[in-house]
Every structure is written in structure tokens, then in C-alpha cells.
Amino acid sequence: MKQTKTKLLCLLLAMPMLLSSLTACGKDKAKDSNLIKLGDYELRYKGACIMEDSEGNDAIVLTLDFTNNGKENASYLWSVNETVMQHGTELEVATVVADYESYETVINSQFTDIAPGTTLEVQTAYVLRRETLGTDFVPLLQRLFAADVPKTVHDSKPLLRALLALGVEPAGIVFDTAVAAYLLDATRGAYALPQLAQDYLHIPPADETALQPESVLAIRTACIDGLTEELGKRLREQGMQPLFENIELPLCPVLAQMEHDGILVDAQALHDFGEMLSERIDACESLIFGYAGETFNLNSTRQLGVFLFETLGLPPVKKTKSGYSTNAEVLEKLRDRHPAVQAIMDYRMLTKLKSTYADGLQKVIEPDGRIRTTFQNTVTATGRLSSTDPNLQNIPVRTELGSEIRRMFVPRPGWVLVDADYSQIELRVLAHIADDTRMQEAFRSGEDFHAVTASQVFGVPLASVTPLMRRHAKAVNFGIVYGISEFSLAQDIGVSRAEAKAYIDSYLEKYSGVRAYMHDIKETAREKGYVETIFGRRRAIPEIKSSNFNVRSGAERIALNTPVQGSAADIIKLAMVRVFHALEGLQARLLLQVHDELIVECPQEEAQQVMQIVTNEMEHAAALRVPLVAEAKQGESWYAAK
């Protein structure tokens, strides 16, 4: 693994304790000087361990105390070529790792345990305490994270967010080993550095308690370096380097800034909403208990089953091993049989809204009144982003009461929220991928696509399409993308299986390109073992060769949907990067991404300009065979802007 004399390797490591000093290790040379210079900065350390790289250059590791999200005594580790630092030479490359989740997780290996044929450059450990830096701490970070210091990183987003909290605007991230590993295997679920090092660099595990601290630090630095080379090579081999460089890597600082900024919540309105829900929950309980003649635990399936099917004498719809089923499907079939059933359904809806949103969101409002979610960019198999702690992508929209939650998300005084979303992006992507000329013509016409589909499927003029026809056509449109069966469609729209089959057959007859795509993509998945998005994102589907019919059928639905949903995810990510940079120079800030929707906070006087910018960037994020259409609105709440 070739190293240059100007190479800067930075490893960010969260540790459970402060390391005050390290002694010389192995064949390392002890250094007497405790002065390190980085450009205009002078840093002092109390102890050090030095190792030589393959070219005979001394390399050092610096540990800087840091506080991240209230976690005290986290330490940041920097591995820097000493010659570069002493002479102020231009810094070329750096490597950083963020590992906040498990302070004590380290690479369980020593260099003597590395498998034959594996080569890692040995790095050095110099340890600095934070107090030795004083006022130079933030300036050092600003210098190391300047744009002219390229850095390779493991899981850059938490690191970038931590730096933003310090007032440092980080730049120069040129590689992220966690994100690269995610692209290479989006279904592995976890991308911890030790496991990646074992899987890709063949470093076997060892007892971490037997490791000296300097060995842990040195190995981590070397593994980041090794993974950068190995994962980069695999990305190029699989044709995903453009996806990595143009979408995934540029998105990391965008997400970090969004998480840092958060979104303002009207805490009083949220509290009042919760109180209103409590009153309605009490009313539902009173009604139900009135019919029961006694109180019981409404959240107990067994007790609720006794009430419905024994006390009220309603016909059991479904039984399980433990007794009567009272799931949503069962209640839906019984809702017209007794008013208590509707009250139970309302109770469940209201308690979910109160516990998850009214109460749940109040618990995560920070002192500045804002809520800060975490966008997970290495989780979903399709490439979509997810939101956790709290999940702001799952705010209810289908019910009027649930939609009220969006009223609680507001801009700061004198500002507005701009909400822009794509129009039917997955169907437009399907028209592009399937190269279905009839579907493309429908989108180019600017007509209501669901109405056009109804006209095609039912064989009536566009002007004669009824609302019911349109609803059925809409269900088929979106169902086709997910490989819906005639049975599922029949349940969704309340028709017989024969009618649902006729709808699907008519749809595929009219949109023959879609029918061909549905056949060809399954064959492609069987042949290659994976499918790809427009931008080259891969998803392995080994289950498509399963001998089990249900497993194989599920895999075929994944093969059908992934190129469509994954391409739509890629497009919204591209749009986020474009919007983020297009807003530079304005006060406006991109705050949220919810599937096909972007939410921006801006001063009232910037609103019109921001709406134009966001719409333009979203509509030009990708060039498809059909136009991408986005619509932006503004309002004094998320609800009002939607």
C-alpha cells in the first residue's frame, strides 16, 4: 500500500477514557521533543509512540479530547506524518473515522495476527490531551477539515455534525469507507469498522483486552487506509464509482447540516393537541365500557376478544392459537355490526397519535425549541433515506387528525416553510425504465396521469372518466410498481378477484412496455443475481433462485420494484445536493426530506426565490424520457405549506 511523504492520515475515534501518555512500542523510536507544528500552530504532547512506514517516514497519531452530543471524554485521534507537520508542508490526504455508538469497540487484532497476503501500513500513536491545545483546538480542526486537505473517512456524517456543533464548517472529505461498503452490500445491515476490516482485509479477531492502546489506534488507522483502497477498487469494478462520487458522498455534508439545523416545533400547540387527544380517548373508553358494563384493558387482545365476541356476541372473523384475533383487518369487517367497533378503532388511532407524536415529539424538543432527527444513509436496501430519533418521515398524512401533527412544525418568527414535492416520480421513473411510449406520451401531455390510465384501461374518453374509475386506475398504477397481485388489488379497491385481474390485464395490454419490463427485469435478476437503478446502484437478490415459491415470488417483487424505487431515491438525493448548494448565499436552509418531498426554512422575503430555486433544481436533477415535475408551496407551518 503506497504512501506518500505528504500523506495525512486522520482517525477519529471515540474512546471511554482519556489517554494521557503512551510509551514506545515494539521497534518504535522514542522521541524527546514534545513540540509539533502544523502550519502556524504549535501543539505539545506529553508522551508518544512512533512507528516508521514502509518508506522510512515517521508517522504520528494525535488524540484530541472532544465532547459530542453530551458524551464527555470522547477522544479524537489524528495520525499525521511528522515531517509534514514540522515543516508546514502542504497536506495532501487524511483519513478519519467516527465511532460514537460503541466507545469500547476496537479492531480485535494485532499486526502479527493479520492473514497472509494482507498488507497494512503501520501507523504511529502520539497522544495529546485537550488541555494542551487550549485556544488552538478549534483552529486546528478548521485547518485539518479545510477543503484543501482531502480526507478519507469512516462514517463521515456523525463526524461532520459534531464539527458543525463546534462551529467548524468541514470540507475535503474524498472517501467514506462506511458509505462505500453500504453501496457494495446494501443488505448487510451494519458497517462497523472492525467487521469491515475482517471481511475485506481478512484481519481475524483477537482478544481486545490483550492489545496495547497504541496498537488499537495504529491498527484502526491502517485499516481505514486499507479499506479505502480495497472498497474503492470494488466500486470501480462494479461501476458504482459515479454513484458514490456524485450522489452518496456529496450527500453526507448535506445530511449533517440538516441534522445540525433541525426544525422548530410549536411546543405549546403540541401540548394542547395532546390534551385534546386525551379527552377524545377518554370519550372512546367511556362509550366502550358503557357497552361492556364494566371496565377492562382495551390494549389486551384477550380481554377485547371476550368483549367483542362473547359480551357483544359478534361473529368471530379469525382465531389464533391464543384466542380471538382483534387486528385491524378483523375490526374493519365488523365496523358496521356495532358502534363499539368504530369506537375501538378510533381509540387505537388516537392512542397511537398521542403516544408516538403528541407525547413522543415533546420528549425530543431541544432547549432551542427544535427537533433534530437523524437521517440514516446506510440502512435501506433500495437506497432510500430513513429518519430516526424521531422518525419525521412517518408523520401521518392519510387522516385529517393525523395531518394536524404537521401544524406543529413551524418556521422561526418572520420566516416561512417552503415545501416542494415531486409529482408521481416513481411512475415517471417506470415510464423511463420500461421505455413505454404510451405511458411517456401520457406524462408529456400534462394530463392527469391516473385519469389517462383510467381512460386506457376502461376504454372510455378522458372526459368520461369517473372518480371511481380514477381511484381504481390509481391503485393499479401504484400497485404495478410493487408487483401487486390480483388478490391484493381486489382487497385494496373492494372488487372481485376476477375484476381485479381484468384491470391488471387491461393495464398491461395498454402499457406493453411495462409488461415487457416486468418480464425482463425478473430474468435479469435470475441471470445476474442483482438488479440496478438508473444510476448503477445494485441490490443483490439471491432469493430469486429459491426453490420455495413464496420466497421466490417475494424476490421477484423486489426485482421489479428496486430499480424504480431505488432510482427515485437516487433522484431525490441528487435534488437535495443541488438544492443545498443552490441555496448558498441565502439565509434559507434545507431542513427535511420526506420520501419525495423537501422542506426548506427561509425568511419571508426569500420565499419566492427559494420556491423557484427548489423547483428548478428538483426538476433538473436527472434527465429522463419524461419530464420531472415538482411543485413548491409556502406557509407558516408544514401543514400550511403542504
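The values are calculated or read from the model by the stated rules, or taken from the named source; none is laboratory data. Remember, it's a predicted structure, so these values are computed and weren't measured experimentally. Cβ: placed from backbone, ideal geometry, glycine included. Neighbour counts: every protein chain shown. For the accessible areas, the whole protein counts, side chains as well, though only heavy atoms, and no ligand, DNA or RNA atoms are used. Shrake-Rupley method; radii C 1.70, N 1.55, O 1.52, S 1.80 Å.
Here are the numbers for the structure shown:
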{"item": "Average projection area in nm² (convex hull over Cα atoms of the range 285-405, one quarter of hull surface)", "result": "10.5"}
{"item": "Loop-located trypsin sites (Lys or Arg not before Pro) in the range 331-360, at most 11 other Cβ atoms within 10 Å (DSSP)", "result": "none"}
{"item": "Computed accessible area, residue 406, all protein chains, 1.4 angstrom probe, square angstrom", "result": "20"}
{"item": "Residue 592 long-range amide H proximity, modeled H, under 5 Å", "result": "599"}
{"item": "Gap separating the Cα centres of the range 187-202 and the range 331-396, nearest whole Å", "result": "33"}
{"item": "Given charges at beta-carbon only (K, R positive; D, E negative), |dipole| of the range 369-416 in Debye", "result": "140"}
{"item": "Sequence of 519, 338, 260 from largest to smallest accessible area, 1.4 Å probe", "result": "519, 260, 338"}
{"item": "Accessible area (Å², 1.4 Å probe, nearest 10) - residue 501", "result": "90"}
{"item": "Cα lying deepest toward the dipole's positive end in the range 226-325, options 292, 311, 235, charges on Cβ", "result": "311"}
{"item": "Cα gyration tensor shape for the range 248-315, rounded if a/c is under 1.5, else prolate or oblate", "result": "oblate"}
{"item": "Distance between modelled label sites at residue 587 and residue 202, nm, 7 Å Cα→Cβ extension", "result": "5.9"}
{"item": "Surface accessible to a 1.4 Å probe, residue 275 within the full protein complex, Å²", "result": "100"}
{"item": "Unit charges at the beta carbon, dipole of the range 460-606: most positive-side option, 514, 498, 465", "result": "498"}
{"item": "Charged-residue dipole, Cβ positions (Lys, Arg, Asp, Glu), the range 357-507 about Cα centre, Debye nearest 20", "result": "180"}
{"item": "The range 456-528, relative contact order [Cα under 8 Å, separation at least 6], %", "result": "29"}
{"item": "Chymotrypsin sites (Phe, Trp or Tyr not before Pro) within the range 241-342, DSSP loop, no more than 13 other Cβ atoms inside 10 Å", "result": "none"}
{"item": "Cα gyration tensor shape of the range 317-360, rounded if a/c is under 1.5, else prolate or oblate by comparing a/b with b/c", "result": "oblate"}
{"item": "Rg to Rh, two decimals, where the range 347-505 supplies the alpha carbon set and Rh follows Kirkwood", "result": "1.05"}
{"item": "Relative contact order [Cα under 8 Å, 6+ residues apart], the range 395-537, whole percent", "result": "20"}
{"item": "Relative contact order for the range 557-642, counting Cα pairs under 8 Å that sit 6 or more residues apart, in percent", "result": "24"}
{"item": "Per-bin percent of Cα-Cα distances, the range 510-603 [5 Å]", "result": "3, 12, 18, 16, 12, 11, 9, 8, 6, 4, 1, 0"}
{"item": "Size of electric dipole in the range 425-496: Cβ of Lys, Arg +1 and of Asp, Glu -1, about Cα centre, debye, nearest 20", "result": "160"}
